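These notes are about the structure you will find just below.
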Amino acid sequence: MAAPLAGLRVVDCSAIIAGPVATTFLATYGADVLKVEPLEGDALRGYPSTLPGLSRYFLGINRGKRSLAVDLKHPDGRAIAQRLAARADVFVESFRPGVAARLGLDAPRLRGDNPRLVYCSISAFGQAGPLAERPGLDPVIQCYGGLAWEQGAATGAPPELVRGSLVDYYTGSLAAAGILLALLARERTGTGQRLETSLLDGVLAMQAGRAFWAQGREPPEAVQDLLGDRVSRIYPTRDGHLYLYVELPKFWAGLCRTLGCDGWLEDPRFRTMRGRHAHKAELIAAITACLAERTAAEWEARFTAAGVPSTRLRSIPELLQDAQALAIGALATVPHDALGPVRLLGVPVRLEATPGVPAAAPPDVGEHTDAVLDEIGLEPGEVARLRQAGVVR
């Protein structure tokens, strides 16, 4: 059966991570995603990795797309992007606010030619407000948006970044959800619309359980998660590390019995989550001493048998060979022209009736320029002229 987004055409003028994550999600479910890159390619292609001359970041994020390399600063290049948008269902951009309008690629211009177009803008701080035009990337927004503070400063430790560009990825997920909502609305109304999200939206949405202020009851400086530093944590073992989650009563009981510390169950200090938190230093020290007796793998087996959420810490290289991730389709293997078989993200949301398929390997810069320009009606002679003029690659 056809993938749920088969026949949908997406023009992707976004770069780095958040926008490309959103459009790759659409590609996984059948959308034809045209990645419009500058002649030198998306800047993410230049990120170093252990693959000579290739960026693992770019390869992993831009699966299943076709690449058109075009100079949007040139009038002919902008004309190409406008023609693509006139035939598209979705247009995604991550320019700094105001740039799309200067390029003639803003929503009023493109939706004037194509009222059914869903136009998505992704930025650092949003499209309005005093910081709208301020540049920002994931680590900047982590620090601005309280996430780095939450990792350490809220408990007196130095603030710390969370590695992995998680704000970018979550913002990309918000954008993908917004695009699908707009497409659903288009089915009902017949017209598209503009939508926007930002890294600032993403970092706050990720902390919805913390970003809550009873304005009439407490000063803003009182807003923090009192259980931010808890008994549930990563512990060292005899060999490797183990994460344990023991906050809920049944998990706490499982921990006590597995460690042979049944007396803790009768100790009035430890009967509630708040009580255990108040005496966490004592508990953490005792648990650490117990866990030093066995390896992380041994403890994982014991705690799993006791129903306590736990895991031995695994590395990315190990996870890429993980039987569970492969079994559910979260990872897949596809061919790559230069690298041979490659392991990459599979289908992260599995629909029973209209499944997606693992996206194909990512494209080279401008790999599909000729094919895409042919699809919008440019003759080979015109394409040759544009290439000679440095408009396309």
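Rule-based calculations on the coordinates, nothing more; no lab input. Everything numeric here is computed off the predicted structure, so don't read it as measured data. Cβ sites come from the backbone with ideal geometry, for glycine too, and all protein chains shown count toward neighbours.
With the simple model of a label 7 Å out from the Cα in the direction of the Cβ, ALA177 to VAL223 spans 2.0 nm. Between the alpha-carbon centres of segment 301-351 and segment 354-393 there is a gap of 33 Å. Taking each DSSP H run with n ≥ 4 as -39500 (n - 2.57) and averaging over every residue of the chain yields -10500 deg cm²/dmol at 222 nm.
Residue exposure proxy: CYS256, CYS143, ordered by other Cβ atoms within 10 angstrom of their Cβ from fewest to most, comes out as CYS143, CYS256. Here's how it looks for HIS241: its modeled amide H is under 5 Å from those of LEU313, which are all 5 or more places away or on a different chain.
By the gyration tensor of its Cα atoms, with a ≥ b ≥ c the square roots of the eigenvalues, what is the shape of segment 314-393: rounded for a/c under 1.5, prolate for a/b over b/c, or oblate?
On the way: a/c = 4.46, a/b = 2.26, b/c = 1.97.
Since a/c reaches 1.5 and a/b is larger than b/c, the shape of segment 314-393 is classed as prolate.
The trypsin sites (Lys or Arg not before Pro) of segment 106-169 that meet both conditions, a loop assignment by DSSP and at most 10 other Cβ atoms within 10 Å of the site Cβ, are ARG163. Using the Stokes-Einstein relation with a Kirkwood hydrodynamic radius computed over Cα pairs, the translational diffusion coefficient of the chain at 20 °C and a viscosity of 1.002 mPa s comes to 89 µm²/s.
Modelled spin labels at GLU352 and THR288, positioned 7 Å past Cα toward Cβ, are 4.8 nm from each other. For segment 131-139, putting each phi into the Karplus relation 6.51 cos²θ - 1.76 cosθ + 1.60 with θ = phi - 60° gives couplings of 10, 3, 8, 6, x, x, 10, 3, x Hz, in residue order, rounded to whole numbers and with x for Gly and Pro.
A cut-off of 5 Å between modelled amide H atoms, ignoring neighbours fewer than 5 places along the same chain, links ALA31 with LEU5. Translational diffusion of segment 233-317, estimated by Stokes-Einstein from the Kirkwood radius over alpha carbon pairs at 20 °C in a medium of 1.002 mPa s, is 165 µm² per second. Excluding same-chain neighbours fewer than eight residues apart, the aspartates and glutamates reachable from LYS73 by a Cα-Cα span under 17 Å are ASP12, GLU37, GLU40, ASP42, GLU93, ASP106. The alpha carbon convex hull volume per residue for segment 1-124 rounds to 102 Å³. Across the chain, the relative contact order, built from alpha-carbon pairs under 8 Å that are at least six residues apart, equals 20 percent. Backbone amide hydrogens, once placed in the peptide plane, bring CYS120 within less than 5 Å of PHE91, VAL92, GLU93, LEU195, excluding anything fewer than 5 places away on its chain.
With respect to the chain, whose longest principal axis is taken over its alpha-carbon atoms, helix 280-291 is tilted by about 90°. Electrostatic bookkeeping for ASP337 treats Lys and Arg as +1 and Asp and Glu as -1; over the other residues with beta carbon under 10 Å from its beta carbon, the sum is -2.
Which of rounded, prolate or oblate describes segment 1-64 when judged by the alpha-carbon gyration tensor and an a/c cut-off of 1.5? The shape class here is prolate. Once the Cα atoms are used to define both axes, helix 249-259 deviates from the longest principal axis of the chain by about 60 degrees. Going by a ≥ b ≥ c, the root eigenvalues of the Cα gyration tensor, does segment 250-384 fall in the rounded group (a/c under 1.5), the prolate group (a/b larger than b/c) or the oblate group? The shape class here is prolate. Each residue of segment 101-107 was assigned a 3J(HN,Hα) from its phi angle through the Karplus curve 6.51 cos²θ - 1.76 cosθ + 1.60 (θ = phi - 60°); the sequence is 5, 5, 8, x, 10, 7, 4 Hz, with glycine and proline shown as x.
Couplings 3J(HN,Hα) of segment 179-188, computed from phi: 4, 5, 5, 5, 5, 5, 4, 5, 4, 8 Hz, in residue order, whole Hz [Karplus 6.51 cos²θ - 1.76 cosθ + 1.60, θ = phi - 60°; x for Gly and Pro]. Listed by chain and number, the aspartates and glutamates whose C-alpha is less than 12 Å from the C-alpha of LYS280, apart from same-chain residues fewer than 8 away, are ASP229, GLU247.
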